[in-house]
Amino acid sequence: MARIAGVNIPTNKRVEIALRYIYGIGPTNSKVICDQMGIPPERRVNQLTDAEVSQIREIISRDYTVEGDLRREVAMNIKRLMDLGCYRGLRHRRKLPVRGQRTHTNARTRKGPARAIAGKKKAP
(Lines give C-alpha, C1' and ligand atoms only; values in the text may rest on other atoms or scores of the structure.)
Protein backbone atom coordinates (compact mmCIF):
# COMPACT_ATOMS: atom_id res chain seq x y z
CA MET A 1 0.00 0.00 0.00
CA ALA A 2 1.48 3.33 -1.09
CA ARG A 3 1.56 6.11 1.50
CA ILE A 4 1.60 9.64 0.12
CA ALA A 5 1.21 12.83 2.21
CA GLY A 6 0.27 10.75 5.26
CA VAL A 7 -2.60 8.98 3.46
CA ASN A 8 -2.77 5.31 2.52
CA ILE A 9 -3.58 5.19 -1.19
CA PRO A 10 -5.77 2.23 -2.30
CA THR A 11 -3.60 -0.17 -4.30
CA ASN A 12 -6.12 -1.65 -6.74
CA LYS A 13 -7.42 1.67 -8.13
CA ARG A 14 -6.10 3.69 -11.04
CA VAL A 15 -3.43 6.22 -10.01
CA GLU A 16 -5.51 9.18 -11.21
CA ILE A 17 -8.44 8.09 -8.98
CA ALA A 18 -6.32 7.00 -6.00
CA LEU A 19 -4.57 10.38 -5.71
CA ARG A 20 -7.97 11.98 -5.01
CA TYR A 21 -7.97 10.29 -1.60
CA ILE A 22 -5.53 12.99 -0.51
CA TYR A 23 -7.34 16.05 0.89
CA GLY A 24 -6.58 18.95 -1.45
CA ILE A 25 -6.06 16.92 -4.62
CA GLY A 26 -9.10 16.63 -6.86
CA PRO A 27 -9.68 15.42 -10.42
CA THR A 28 -7.77 18.23 -12.13
CA ASN A 29 -4.71 18.14 -9.87
CA SER A 30 -4.45 14.34 -10.03
CA LYS A 31 -4.60 14.47 -13.83
CA VAL A 32 -1.87 17.14 -13.90
CA ILE A 33 0.35 15.05 -11.59
CA CYS A 34 -0.11 11.96 -13.77
CA ASP A 35 0.69 13.99 -16.91
CA GLN A 36 3.84 15.40 -15.28
CA MET A 37 4.98 11.89 -14.39
CA GLY A 38 4.00 10.44 -17.75
CA ILE A 39 1.77 7.81 -16.15
CA PRO A 40 -0.81 6.36 -18.56
CA PRO A 41 -4.47 6.64 -17.40
CA GLU A 42 -5.06 2.88 -17.11
CA ARG A 43 -2.06 2.31 -14.77
CA ARG A 44 -2.88 1.00 -11.28
CA VAL A 45 -1.20 1.98 -8.00
CA ASN A 46 0.13 -1.56 -7.41
CA GLN A 47 1.95 -1.34 -10.77
CA LEU A 48 3.95 1.75 -9.71
CA THR A 49 7.59 1.36 -8.80
CA ASP A 50 9.00 2.71 -5.52
CA ALA A 51 10.84 5.40 -7.48
CA GLU A 52 7.59 6.58 -9.10
CA VAL A 53 5.80 6.67 -5.74
CA SER A 54 8.60 8.72 -4.20
CA GLN A 55 8.57 11.06 -7.22
CA ILE A 56 4.79 11.57 -6.85
CA ARG A 57 5.34 12.21 -3.13
CA GLU A 58 7.99 14.80 -3.96
CA ILE A 59 5.80 16.59 -6.55
CA ILE A 60 2.88 16.80 -4.10
CA SER A 61 5.01 18.08 -1.20
CA ARG A 62 6.70 20.66 -3.46
CA ASP A 63 3.75 22.01 -5.49
CA TYR A 64 0.56 21.47 -3.45
CA THR A 65 -0.83 22.36 -0.04
CA VAL A 66 -2.51 19.17 1.18
CA GLU A 67 -3.93 17.38 4.23
CA GLY A 68 -3.10 18.96 7.61
CA ASP A 69 -1.68 22.22 6.27
CA LEU A 70 -4.68 22.80 3.99
CA ARG A 71 -7.20 21.89 6.71
CA ARG A 72 -5.43 24.31 9.08
CA GLU A 73 -5.44 27.06 6.43
CA VAL A 74 -9.18 26.63 5.75
CA ALA A 75 -9.94 26.63 9.49
CA MET A 76 -7.89 29.79 9.97
CA ASN A 77 -9.74 31.51 7.08
CA ILE A 78 -13.10 30.67 8.68
CA LYS A 79 -11.87 31.80 12.11
CA ARG A 80 -10.66 35.10 10.58
CA LEU A 81 -14.12 35.73 9.09
CA MET A 82 -15.75 34.98 12.44
CA ASP A 83 -13.37 37.30 14.32
CA LEU A 84 -13.98 40.11 11.83
CA GLY A 85 -17.71 39.85 12.47
CA CYS A 86 -18.53 40.13 8.78
CA TYR A 87 -21.72 38.61 7.36
CA ARG A 88 -20.07 35.36 6.29
CA GLY A 89 -18.42 35.07 9.71
CA LEU A 90 -21.76 35.52 11.47
CA ARG A 91 -23.32 32.81 9.28
CA HIS A 92 -20.49 30.44 10.20
CA ARG A 93 -20.88 31.30 13.88
CA ARG A 94 -24.63 30.57 13.82
CA LYS A 95 -24.10 27.38 11.76
CA LEU A 96 -26.32 28.63 8.94
CA PRO A 97 -25.70 28.47 5.17
CA VAL A 98 -22.99 30.94 4.19
CA ARG A 99 -23.51 31.36 0.46
CA GLY A 100 -26.98 32.86 0.19
CA GLN A 101 -29.15 29.75 0.22
CA ARG A 102 -32.69 29.96 1.59
CA THR A 103 -33.29 28.81 5.16
CA HIS A 104 -37.09 29.03 5.50
CA THR A 105 -37.24 25.50 4.17
CA ASN A 106 -34.34 23.16 3.41
CA ALA A 107 -30.82 23.89 4.77
CA ARG A 108 -31.15 20.72 6.85
CA THR A 109 -27.60 19.61 6.20
CA ARG A 110 -26.21 22.75 7.76
CA LYS A 111 -28.87 23.29 10.48
CA GLY A 112 -29.18 19.65 11.57
CA PRO A 113 -32.35 17.64 12.09
CA ALA A 114 -35.61 19.58 12.51
CA ARG A 115 -36.64 20.27 16.10
CA ALA A 116 -40.29 20.41 17.15
CA ILE A 117 -41.58 23.79 18.26
CA ALA A 118 -43.49 23.58 21.58
CA GLY A 119 -47.16 24.54 21.36
CA LYS A 120 -47.31 24.71 17.58
CA LYS A 121 -50.19 22.76 16.04
CA LYS A 122 -50.15 21.33 12.54
CA ALA A 123 -52.56 23.00 10.12
CA PRO A 124 -55.48 20.70 9.14
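Tabulated results
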{"read-out": "Check on residue 89, touching a residue at least 24 places away in the same chain (Cβ under 8 Å) and not in a loop (DSSP other than H, G, I, E, B)", "value": "no"}
{"read-out": "Sole exception among (1) hydroxyl-bearing (Ser, Thr, Tyr); (2) in contact with a strand residue (DSSP E or B) (Cβ under 8 Å, 6 or more places away or on another chain); (3) open to solvent by less than 70 Å² (accessible area, probe 1.4 Å) for residue 21, by number", "value": "(3)"}
{"read-out": "Cβ-Cβ under 6 Å pairs, at least 6 apart or on other chains, region 7-23 side touching a residue at least 60 places away in the same chain (Cβ under 8 Å), far side aliphatic (A, V, I, L, M)", "value": "7/22"}
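Results for (1) open to solvent by less than 50 Å² (accessible area, probe 1.4 Å); (2) touching a Lys or Arg at 6+ places or on another chain (Cβ under 6 Å), shown as yes or no for each residue.
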| position | (1), (2) |
| --- | --- |
| 69 | no, no |
| 81 | yes, yes |
| 88 | no, no |
| 93 | no, no |
| 97 | yes, yes |
| 109 | no, no |
| 112 | yes, no |
| 121 | no, no |
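The values are calculated or read from the model by the stated rules, or taken from the named source; none is laboratory data. All figures in this text were calculated on a predicted structure; none of them were measured in a lab. Every residue, glycine as well, gets a Cβ built from its backbone with ideal geometry; the counts of neighbours run over all protein chains shown. Each accessible area value is taken on the protein alone, full model and side chains, heavy atoms only, with ligands, DNA and RNA left out. Shrake-Rupley method; radii C 1.70, N 1.55, O 1.52, S 1.80 Å.
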